[in-house]
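Undergrad: Starting off with a structure, shown below.
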Amino acid sequence: MPSIAAHLLPKQRLCHVSASVTFLRGAHWKPKAQKAGKPPPPPSPPKPPEKPVPFTFHGETWHDPYSWMSNLTDKVAMRHMDVYMEQEEKYIEAVMSGSDRLQHKLQAEMGSRLAYYPSSPPVRWGPWLYYRRVEEGKQYPVLCRRLASLHEELLTYSAPFAGFDYTSGKKIEQKLLDYNQEAERFGGYAYEERSEVSPDHRLLAYTMYNKDNDFFTLSVRDLATGSLCSKPQADRVSNLAWAMGGQALLYTVTNTNKRPYRVFCSLLGSGKDDVLILEESDENIHVNIRNTKDFRFLTVHTFSITFSRVFLINADNPLSGMTLVWECEPQVHCIIEHHRGCLYLFTDAARGGVPIDSHYLLRSPVEVSGSRIWESVFLEDPDISIEDVDFCDTHFVLILREDQQFKLCAVPLPLPMYGKGPFHLNALNPCFLPLPKHVCQISPGPNYDYSSSTMRFAVSSPVMPDAVVDYNLSNGKWVIVQQQNVLHERTRTLYGATYTASHMDKSQTSKSLGIATEVDCIDGSWNDLSEFYACEQCSVSSKDGVLVPLTIVYSRTRKKESQSPGLLHGHGAYGELLDKRWRSELKSLLDRGWVLAYADVRGGGGGGKRWHLDGRRTRKHNSINDYISCAEFLIEKGIVQQHKLAGWGNGAGGLLVAATINSCPDLFRAAVLKVPFLDPCNTLLSPVTPLSPIDYEEFGYPGDVEDFQAIRKYSPYDNIQKGVLYPAVLVTSTFNARFGVWEAAKWVAMVRKLTVYDPQHPILLNLTIDIVEENRLDPYKWIAQAMCFDGFMMIPVL
């Protein structure tokens, strides 16, 4: 695309010529009087047809004029929908046409920071290194592997495919699966949900999305020949797990409502039919399977609205039956691992019938006589919460959180004999691994190699690009294997040197554990950006006095006190952490003086299980009040200028922001709702796409009167204020979204119908964000549009 300068130069030359002519004419030239032309009228928003349909439930009746938008089987309705979508596309183009130049500029900026990795960091498993890489000119990646021992001196994290095997006369790299070829198999579209290499490294089992039939198809590929195996071949597969060292594969199958309900076992290389191991006919029961990390056992997890159960299967003999090892209340987290004859259970189930606030770790011998007794590994500590755990043969690693601060702690295995617990953490010789400041999320990597003491984690911060780090738990060495450098506006990948425990500063201690827990590493080793961007933590008092964590990020040199525009992110659902990771595209806002704020409202994962429970179902209003309080705090404290605050929410976060707009229409100047959930009442009553028990536990069961009344009160679609001016809102959705595109379309139409129309406060709908295009800047196209929208609708600080 030609640069902006290329467009400007011809105009500059014309200006010089015009100036010369004017000089020659001198005083004899008189300008002609120009008639002031009227500006063109603003474009009018589309008006879809209204077809009111009455609904009555629990004695309450309401009419929905746009329910036809979700009637996918009505051909006439879908033709109306096609026309309406075309009108929306033209309308948003007309409204945003004045910001085209700025959108291109932002796209170019973001593209210059685009992290291009030709290969993912290789994952070592046994003798092999597995990785994915992108070939030039291809749309999809290729799954590859190479022997780690061949030409190891040439191996780098950025180019694991380098080298040549002169003994065999072949390339070191072995291509396992080309997703470009898979796209040809599945109608030009390649989306993989599950992919598992067998423990003996002979086979690859994977599921690909069949777009025409809307389900995932299971395939097994022989890695030596590259050919597809004749069995198993199954549709509607949701999960899979290996058994018998790679000679058997277990997989779950869904019904037409996408509920996982059957488990099959396929003996590869045999002519026998796949064996049905489990079938749950109850529509409320879902089934899931997984391997323990040592591949000694498989776990089968069945859960419903009334219970959760975990069964154990011997991987050496998967047809020998299932043993119940754990049962508890519904909607809890249950993960079982095995280590040298001992089972470890990571869960947040109630203790003795009493709900608890965080996860804990239990253990029990595999072989028991009589009823199974689970022993707590750690003594309870109200100041420490265990967020996650990962196992290898020599250690387990805990992801901990204390006072909103994350820590990474390795504990050597095996633990003292069963029956000796529970223990204080500091009695188990823990080692706290180095982390940068302001960590907002730690995610375990693949870590397939159970026998290795090196474990990989992704470390995230609001002021640091994501770092992929390998920690050697046996000697304390660590290395950053992949991280983006954004300081120079050009992207390069850092492949850090190996650091050792000698660089650790153990002067900082945990107030509750009394041992060193945080490490300050070599200056610059983390590519931290806190020198340029500040990250502050605040506690905001909500309507009921509960303190809500608020994270604020801004440029140290560009922020202007009481004058800065701001963007407030929120989610607050499913107990999930709010995504506060550094995003290079948002640097364009920070460098223009914007303040980015993240509200960890109730319903999300910001404060344990109770924090989640206090923001769901009949208590969903707490999430909304928390978000409103955080927005008001930013304005009252002068962090963001009044009338220059924008809201931003994705998915369930879109519900949060839209409900806030209904409650306080004048709080935001603009808002962006990405693939939002906006019509919970109708969706939960009559789902067009299947919902899981988790969805109902989160937003409420309409069959329950109290839940139904709560849903009616917080539903964005049902509580739009009539005759009131709303902020400018950009709503984006996609035909591949979990929440149907009609959610966004109905809300947009209803807001335009009921609220005061003002062309300076447009309500826009963009349904093109999932269109795949070849230009490398296209992934940022809608983000640039959203940024221009927020800036364009405020004082033009961009």
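Undergrad: Can you say whether His338 is over 21 Å from Pro416 (Cα atoms) and touching a strand residue (DSSP E or B) at 6+ places or on another chain (Cβ under 6 Å), as far as the supplied structure shows?
TA: So His338 fails the test.
Undergrad: Among the residues of segment 68-89, write down those that are without any contact (Cβ under 8 Å) to a residue 24 or more places away in the chain, under 25 Å from Val729 (Cα atoms) and of a type in the set (D, E, K, R).
TA: Result: Asp82, Glu86.
Undergrad: Next question, about the same structure. Are any of the residues in segment 343-355 open to solvent by less than 50 Å² (accessible area, probe 1.4 Å), closer than 23 Å to His301 by Cα and more than 29 Å from the chain's Cα centre (by Cα)?
TA: Yes, segment 343-355 contains a residue that is open to solvent by less than 50 Å² (accessible area, probe 1.4 Å), closer than 23 Å to His301 by Cα and more than 29 Å from the chain's Cα centre (by Cα).
Undergrad: Collect the residues in segment 248-278 that are in contact (Cβ under 8 Å) with a residue 24 or more places away in the chain, open to solvent by 60 Å² or more (accessible area, probe 1.4 Å) and outside any strand (DSSP E or B), keeping them in residue-number order.
TA: Hits for segment 248-278 are Asn257, Lys258.
Undergrad: Among the residues of segment 637-644, is there at least one that is touching an Asp or Glu at 6+ places or on another chain (Cβ under 8 Å) and of a type outside the set (A, V, I, L, M, F, W, C)?
TA: The answer is yes; a qualifying residue exists.
Conditions tested, residue by residue: (1) touching a residue at least 60 places away in the same chain (Cβ under 8 Å); (2) among the charged types (D, E, K, R).
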position	(1), (2)
Leu550	yes, no
Lys559	no, yes
Leu568	yes, no
Arg581	yes, yes
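Listed here are the residues, each with its yes/no results for (1) at pLDDT below 90; (2) in contact with a Pro (Cβ under 8 Å, 6 or more places away or on another chain).
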position	(1), (2)
Pro414	no, no
Lys420	yes, no
Ser443	no, no
Met464	no, yes
Asn475	yes, no
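Undergrad: Looking at (1) touching a Leu at 6+ places or on another chain (Cβ under 7 Å); (2) without any contact (Cβ under 8 Å) to a residue 40 or more places away in the chain, which is the one condition that is false for Leu102?
TA: So the condition that Leu102 fails would be (2).
Undergrad: Still on this model: Residue check: is Gly545 of a type in the set (Gly, Ala, Ser), modelled with pLDDT of 90 or more, in contact with a His (Cβ under 8 Å, 6 or more places away or on another chain) and outside any strand (DSSP E or B)?
TA: So Gly545 fails the test.
Undergrad: I would also like to ask the following. Which number in (1) closer than 17 Å to Thr207 by Cβ; (2) at pLDDT below 95; (3) of a type outside the set (Val, Ile, Thr) marks the one condition that Lys272 misses?
TA: Going through the list (1) closer than 17 Å to Thr207 by Cβ; (2) at pLDDT below 95; (3) of a type outside the set (Val, Ile, Thr), Lys272 breaks only (1).
Undergrad: Right, Asp235: acidic (Asp, Glu), open to solvent by 40 Å² or more (accessible area, probe 1.4 Å) and under 19 Å from Arg194 (Cβ atoms) or not?
TA: yes
Undergrad: Would it be correct to say that Asn239 is within 27 Å of the chain's Cα centre (by Cα) and outside any strand (DSSP E or B)?
TA: No.
Undergrad: Note down all Cβ pairs under 6 Å where the first residue falls in segment 607-625 and is aliphatic (A, V, I, L, M), the second is crowded, with 19+ Cβ neighbours inside 10 Å, and they're at least six residues apart or on different chains.
TA: Pairs found: Ile624/Ala659; Ile624/Thr660.
Undergrad: Looking only at residues in segment 39-81 that are of a type in the set (Ser, Thr, Tyr) and closer than 18 Å to Thr755 by Cα, which one is farthest from the chain's Cα centre (by Cα)?
TA: Per the criteria, the residue is Ser44.
Undergrad: Given the criteria part of a strand (DSSP E or B), in contact (Cβ under 8 Å) with a residue 12 or more places away in the chain and open to solvent by 20 Å² or more (accessible area, probe 1.4 Å), does Ser219 qualify?
TA: No: the conditions fail for Ser219.
Undergrad: Then there is this: Filter segment 714-751 down to residues that are part of a helix (DSSP H, G or I), open to solvent by less than 10 Å² (accessible area, probe 1.4 Å) and in contact with a helix residue (DSSP H, G or I) (Cβ under 6 Å, 6 or more places away or on another chain), then give me how many there are.
TA: 2
Undergrad: Residues of segment 698-713 being open to solvent by 20 Å² or more (accessible area, probe 1.4 Å) and either farther than 14 Å from Phe57 by Cα or not aliphatic (A, V, I, L, M) (or both), which ones?
TA: Tyr701, Gly703, Asp704, Glu706, Gln709, Arg712, Lys713
Undergrad: Separate question: When the residues of segment 313-331 are filtered to those that are within 24 Å of Glu387 (Cα to Cα) and in contact (Cβ under 8 Å) with a residue 40 or more places away in the chain, which remaining residue is least open to solvent (accessible area, probe 1.4 Å)?
TA: Val325
Undergrad: Whether any residue in segment 113-131 is more than 30 Å from Val469 (Cβ to Cβ) and surrounded by fewer than 16 Cβ atoms within 10 Å (Cβ to Cβ) is what I want to check.
TA: Scanning segment 113-131 turns up no residue that is more than 30 Å from Val469 (Cβ to Cβ) and surrounded by fewer than 16 Cβ atoms within 10 Å (Cβ to Cβ).
Undergrad: Would you confirm whether any residue within segment 332-341 is surrounded by 19 or more Cβ atoms within 10 Å (Cβ to Cβ) and farther than 26 Å from Phe295 by Cα?
TA: So far as segment 332-341 goes, no, none of its residues is surrounded by 19 or more Cβ atoms within 10 Å (Cβ to Cβ) and farther than 26 Å from Phe295 by Cα.
Undergrad: Of the numbered conditions (1) assigned to a helix (DSSP H, G or I); (2) touching a Pro at 6+ places or on another chain (Cβ under 9 Å); (3) of a type outside the set (Phe, Trp, Tyr), Met455 satisfies every one except a single condition; which is it?
TA: Every condition holds for Met455 apart from (1).
The values are calculated or read from the model by the stated rules, or taken from the named source; none is laboratory data. The structure presented is a predicted model; accordingly, all values stated were derived computationally and were not measured. Note: ideal-geometry Cβ built from the backbone for every residue, glycine included; neighbour counts use all protein chains shown. Surface accessibility is based on the protein's heavy atoms, side chains included, excluding ligands, DNA and RNA. Shrake-Rupley method; radii C 1.70, N 1.55, O 1.52, S 1.80 Å.
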